[in-house]
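I have placed the structure first, in the form of structure tokens, so that the comments after it can refer back to it.
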Amino acid sequence: VNPRAALREAVRVLSPGGAILVAEMIADSPWGRIYLERKHSGHPFYADATFYTLRELTRLLEEAGLRVAASTSTLLQEPAATKIVTEEPARGIASDASFVCLLARAS
């Protein structure tokens, strides 16, 4: 899968005023690092997954001619948490979030 080509195609077919939503487990986040370890150890669910840092993801969007118009973050709990709690998503990019959703529009 070529993310640059996929994003260029998304921009090409995007309706005027339209947007795309990109949801990503951030590679250098606490949960992202765990999933990367699983990928590298050959876990069948993660073996073909690709994870990006927030900087890489933003760069991919910008290179395709998109700008982030809105964002939401979640998964603020540490992977080693003994009690998992339901989280409310945070508006914007929370520095300690492992999962983000980016709403991107053509620039």
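The values are calculated or read from the model by the stated rules, or taken from the named source; none is laboratory data. The model shown is predicted, which means the values in this text are computed figures rather than measured ones. Cβ sites come from the backbone with ideal geometry, for glycine too, and all protein chains shown count toward neighbours. Heads up: the accessible areas ignore ligands, DNA and RNA and are worked out on the full protein's heavy atoms, side chains in. Shrake-Rupley method; radii C 1.70, N 1.55, O 1.52, S 1.80 Å.
Output the Kirkwood hydrodynamic radius of the chain, Cα pairs only, in Å rounded to one decimal.
On the way: mean 1/r = 0.0672 Å⁻¹.
About 14.9 Å for the chain.
With a 1.4 Å probe and every protein chain kept in, tell me what percent of the accessible surface of the chain is carbon plus sulfur. Spell out each step's value before the answer.
Numbers: 3740 of 6950 Å².
Carbon and sulfur: 54 percent of the exposed surface of the chain.
In the full protein assembly as shown, how much of ASP28 is accessible to a 1.4 Å probe, in Å² to the nearest 10?
90
All other residues with a Cβ under 13 Å from the Cβ of ILE26 taken together, and with Lys, Arg as +1 and Asp, Glu as -1, what is their net charge? Walk me through the intermediate numbers first.
Details: positive: ARG33, ARG55; negative: GLU24, ASP28, GLU56, ASP96.
My count for the surroundings of ILE26 gives -2.
Mind ranking LYS39, LYS83 by accessible surface for me, highest first, 1.4 Å probe?
On the way: LYS39 50, LYS83 145 Å².
Order by accessible area, largest first: LYS83, LYS39.
Amide H neighbours of LEU66 under 5 Å, at least 5 residues apart or on other chains, H built in the peptide plane: list them.
Correct list: SER107.
Taking all protein chains together and a probe of 1.4 Å, list SER71, SER107, SER15 from the most accessible to the least accessible.
Working: SER71 30, SER107 110, SER15 75 Å².
Sorted descending by solvent-accessible area, the residues read SER107, SER15, SER71.
Once phi is turned into ³J(HN,Hα) by the Karplus curve 6.51 cos²θ - 1.76 cosθ + 1.60 with θ = phi - 60°, what whole-Hz value does each residue of the range 55-70 show in order, with x for glycine and proline?
The phi angles translate into 4, 5, 4, 4, 4, 4, 5, 4, 4, 7, x, 10, 10, 6, 9, 7 Hz.
What does the accessible area per residue of the chain come to in Å², with a 1.4 Å probe and no ligands, DNA or RNA counted? The partial results should precede the final answer.
Values: 6950 Å² over 107 residues.
On a per-residue basis, the chain sits at 65 Å².
So what does THR82 come to for accessible area, using a 1.4 Å probe and Å² rounded to 10?
150
Tell me, what is the percent relative contact order of the range 41-107, built from C-alpha pairs under 8 Å that lie six or more residues apart? Walk me through the intermediate numbers first.
Numbers: 72 pairs, mean separation 25.5, N = 67.
The normalised contact order for the range 41-107 reaches 38 percent.
With charges set only on the Cβ (+1 for Lys and Arg, -1 for Asp and Glu), what does the dipole of the chain come to about its Cα centre, in debye to the nearest 20?
On the way: 12 positive and 12 negative charges, 59 e Å.
So the magnitude is around 280 debye.
Ordering PHE99, PHE45, PHE51 by accessible area with a probe of 1.4 Å, largest first, what comes out?
Details: PHE99 60, PHE45 155, PHE51 35 Å².
Greatest to least solvent exposure: PHE45, PHE99, PHE51.
Amide H of TYR46 versus every other amide H placed in the peptide plane: which residues, excluding those fewer than 5 positions away on the same chain, fall under 5 Å?
It is none; the list stays empty.
Counting helices only, and only those DSSP H runs with n ≥ 4, report the 222 nm mean residue ellipticity of the chain as the sum of -39,500 (n - 2.57) divided by its residues, in deg cm²/dmol to the nearest 500.
Numbers: 3 runs with 32 residues, N = 107.
Helix contribution divided over all residues of the chain: -9000 deg cm²/dmol.
Order these peptides, 59-65, 85-91, by their mean beta-carbon neighbour count within 10 angstrom, highest first. Intermediate results must be reported in sequence, preceding the final value.
Numbers: 59-65: 16.3, 85-91: 10.1.
Per-residue mean Cβ counts within 10 Å order the peptides as 59-65, 85-91.
Find which of LEU102, HIS40, PRO79 sits farthest along the positive direction of the dipole of the chain, computed with +1 on the beta-carbon of Lys and Arg, -1 on that of Asp and Glu, about the Cα centre.
The listed residue farthest towards the positive side: LEU102.
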